[in-house]
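Input: a single structure, listed below in structure tokens.
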Amino acid sequence: MTMSVRPPAVSGMFYPSGKQEISDFFAECENVSLVRHTHSDAIPRALILPHAGYNYSGCAAYEGYQYWQAAGEKIKTVVVIGPAHRVAFEGIATVGVEFLETPLGLAEVDNDIRDHLVTENLIDVSDQAHAAEHSIEVHLPFIQSMLPNAKILPLLDGMVSAEKVKQIIESLWDDSGVYFVISSDLSHFHSYDQAQALDKQTADLIESGDWQALNGNRACGYIGIQGLLKMQASHSLKLEQIKLINSGDTAGDKQRVVGYGCWSVFEQEIH
């Protein structure tokens, strides 16, 4: 029986094409990581993380994924929500294949959740939309490394409302073992100082839950962030900033930078 697989599209460009090279990169990130867990045993229900090339934002994303490093028994499925860069379409698209491939091997798609969301008319299937897309693929090696047994549901935002994204997240929120990654970079192609100021404003908006003030100039994956923030109306969520940097801090020049932010999102118990 032939397996249906989405092959890697951006390995060797956005991240290393070899298994050992990816492991070596993660080891480097581990050495320089300054992540501080303020919730000693708590596991964030969601992470907001960047999706640029690993030389630019990979170690920042790694710091976020460290929050899930010891959570393998709890996290069964990771729903990765990212913006579509390559194909224009309406709605939210997932894949029809069974597996997503990276140099680390095959990651299994959660077909049960996918089929449920398709049946509920919350998402569509478009392998074409995912074929060349990087906003989800770059996250796969982190998940495979930290959570080798987790299934993945990739969701691409096309032209869609934040309310629709919120409906999807909310429909899965009570499912034990389902966790979320919102894939987004921040501002694009400003000078270093301009980007720092703009991204600080965006971070304040995100952390205060002001989802309506977000837009594509502030974050390319803003619709996914909006959908998550809209959950605060019915759930007690606490966002904690992990990192706020830009490409001028990592591998790029300071004349024309891209911003990156990382947040952990905890669900607080209501007493």
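The values are calculated or read from the model by the stated rules, or taken from the named source; none is laboratory data. Model, not experiment: these values are computed from the prediction. Cβ coordinates were reconstructed from backbone atoms using ideal geometry, including for glycine residues, and neighbour counts include every protein chain displayed. Keep in mind that these areas ignore ligands, DNA and RNA; they rest on the heavy atoms of the full protein, side chains included. Shrake-Rupley method; radii C 1.70, N 1.55, O 1.52, S 1.80 Å.
Scan segment 167-177 for residues that are without any contact (Cβ under 8 Å) to a residue 60 or more places away in the chain and either under 21 Å from D127 (Cα atoms) or outside any helix (DSSP H, G or I) (or both) and the total you get is 1. When the strands (runs of 3 or more DSSP E) confined to segment 70-151 are screened for residues that are surrounded by fewer than 20 Cβ atoms within 10 Å (Cβ to Cβ) and touching a strand residue (DSSP E or B) at 6+ places or on another chain (Cβ under 9 Å), those reaching at least 2 such residues are found at 99-102, 105-108.
Within segment 226-241, residues that are over 19 Å from K164 (Cβ atoms) reach partners that are open to solvent by 40 Å² or more (accessible area, probe 1.4 Å) and among the aliphatic types (A, V, I, L, M) with beta carbons closer than 6 Å, at six or more positions or on different chains, in the pairs S236/I270. Within segment 178-194, the set of residues being in a loop (DSSP other than H, G, I, E, B) and crowded, with 22+ Cβ neighbours inside 10 Å comprises S184, D185, L186, S187. Of (1) farther than 23 Å from Q66 by Cβ; (2) in contact with a strand residue (DSSP E or B) (Cβ under 6 Å, 6 or more places away or on another chain), L244 satisfies all except one. Which? Tallying (1) farther than 23 Å from Q66 by Cβ; (2) in contact with a strand residue (DSSP E or B) (Cβ under 6 Å, 6 or more places away or on another chain), L244 fails exactly one: (1). Residues that are surrounded by 13 or more Cβ atoms within 10 Å (Cβ to Cβ) and farther than 15 Å from S183 by Cα within segment 211-220 comprise W211, A213, N217, listed in sequence order.
Taking only segment 120-174 into account, find how many residues are aliphatic (A, V, I, L, M) and within 12 Å of the chain's Cα centre (by Cα).
Quick first cut of segment 120-174, residues aliphatic (A, V, I, L, M) only: 122-123, 125, 129, 131-132, 136, 138, 140, 143, 146-147, 150, 152-153, 155-156, 159-160, 162, 165, 168-169, 172.
Remaining after also requiring within 12 Å of the chain's Cα centre (by Cα): 136, 138, 140, 143, 152-153, 155-156.
Selection size over segment 120-174: 8.
Quick check, is L205 in contact (Cβ under 8 Å) with a residue 24 or more places away in the chain and aliphatic (A, V, I, L, M)? Write out each step before concluding.
Details: in contact (Cβ under 8 Å) with a residue 24 or more places away in the chain: no; aliphatic (A, V, I, L, M): yes.
So L205 fails the test.
Of the residues making up segment 233-251, those that are open to solvent by 40 Å² or more (accessible area, probe 1.4 Å) and more than 15 Å from D204 (Cα to Cα) are A233, S234, D249, T250, A251. Scanning segment 195-210 for residues that are outside any helix (DSSP H, G or I) and either open to solvent by 50 Å² or more (accessible area, probe 1.4 Å) or aliphatic (A, V, I, L, M) (or both) gives S208, D210.
Of all the listed residues (K164, K230), the sole one being open to solvent by 10 Å² or more (accessible area, probe 1.4 Å), at pLDDT 95 or above and either in contact with a strand residue (DSSP E or B) (Cβ under 9 Å, 6 or more places away or on another chain) or not in a helix (DSSP H, G or I) (or both) is K164.
Somewhere in segment 42-51, is a residue of a type outside the set (D, E, K, R) and modelled with pLDDT under 95?
Residues of segment 42-51 of a type outside the set (D, E, K, R): 42-44, 46-51.
From what is left, the residues that are modelled with pLDDT under 95 are 42-43.
Yes, segment 42-51 contains a residue that is of a type outside the set (D, E, K, R) and modelled with pLDDT under 95.
Going by what's in this entry, would D185 be described as in contact with a strand residue (DSSP E or B) (Cβ under 9 Å, 6 or more places away or on another chain), at negative phi and without any contact (Cβ under 8 Å) to a residue 24 or more places away in the chain? Judged against the criteria, D185 is not a match. Across segment 15-26, what is the number of residues that are open to solvent by 50 Å² or more (accessible area, probe 1.4 Å) and either touching a Leu at 6+ places or on another chain (Cβ under 7 Å) or of a type in the set (A, V, I, L, M, F, W, C) (or both)? Adding up the residues that qualify gives 1.
If the condition is being open to solvent by less than 10 Å² (accessible area, probe 1.4 Å) and in contact with a Phe, Trp or Tyr (Cβ under 6 Å, 6 or more places away or on another chain), then segment 252-268 contributes V257, S264.
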